[in-house]
Amino acid sequence: MTVIAGCSSGEEPSKPVAATPVSPPSSADTAKLRSALLPTPKGMHVAYGPELGAFGSLKSTQEGLAAVRQAKLQRPECAGAAQLDAAQPDVAKAPAAVIAFAAERGSITQAIVSLPKATFPKPLPQQCSDYTADVAGTRVSYKTKTLNMPAKGDESRAYLTSAAGGKKNAQIGSVMIRRGTVVMSMLVVGQKVKPQGLYELANLADKNLARAAT
């Protein structure tokens, strides 16, 4: 889950990231995905996007991969666990739409990816529920629990991660929902992330996703 904290806390990769050479998806594909993105939540503003294109070539995806490469994980196998693997060619080439919202209290980042076949990340491995990592010279402790979110779409999963280290202690709520071959990923970052608030956002996101998946 290091990539979540590193990317969502506003850290930029120290070196330029080369874009993955993938063919751009059709405008019709990405327009449909864009229409399924969340509207701007009350009290927040659009901080990034919407960005449309092949999932592996998006700026947010590239920065996430860079954050994983730069962090030194106690458990390397936990890098990108329970998330879509942008290193897989089929996932990297898939049409996607990404947007991020921000406010003083935190941020929300959402991605919607239309995959060539029904694909959903495996559950978080037990060993990845509690580990440490060196992020930009700071030792960060990650503790993650699986939330009992009401079922959404064809498959769904939600987690709440507490990241403690340095002066950037935070909580990260993450939701994944699949409808058919379309997968929605959402990260909510703040000092305190309430599961009920996360579920309400997931419910709205799932209703929008239903339109994109048809």
## Note on the structure
Checked pairs for region 105-133, first more than 30 Å from K42 (Cβ to Cβ) and touching a residue at least 60 places away in the same chain (Cβ under 8 Å), second open to solvent by 40 Å² or more (accessible area, probe 1.4 Å) and outside any strand (DSSP E or B), C-beta under 7 Å and 6 or more apart or across chains, list as L115/D90; L115/T181; P116/D90; P116/T181; K117/T181; A118/T181; C128/R75; A133/Q74
### Query
Quick one: in region 19-50, which of the residues that are closer than 14 Å to A94 by Cβ and open to solvent by 20 Å² or more (accessible area, probe 1.4 Å) is modelled with the lowest pLDDT?
T20
### Task
Mind listing whichever residues of region 150-161 are surrounded by fewer than 21 Cβ atoms within 10 Å (Cβ to Cβ), assigned to a loop (DSSP other than H, G, I, E, B) and touching a strand residue (DSSP E or B) at 6+ places or on another chain (Cβ under 7 Å)?
G153, D154
### Query
Which one is most open to solvent (accessible area, probe 1.4 Å), of the residues in region 162-192 that are outside any strand (DSSP E or B) and under 30 Å from A54 (Cα atoms)?
T181
### Message
Just to verify a result, which residue in region 52-104, among those that are open to solvent by 70 Å² or more (accessible area, probe 1.4 Å) and closer than 23 Å to T138 by Cβ, is modelled with the highest pLDDT?
### Response
E104
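The values are calculated or read from the model by the stated rules, or taken from the named source; none is laboratory data. Predicted model, so just to flag it, every value in this text is computed and none were measured. Glycine also receives a Cβ, built like all others from the backbone with ideal geometry; neighbour counts cover every protein chain displayed. Side chains included, ligands, DNA and RNA excluded: accessible areas come from the protein's heavy atoms. Shrake-Rupley method; radii C 1.70, N 1.55, O 1.52, S 1.80 Å.
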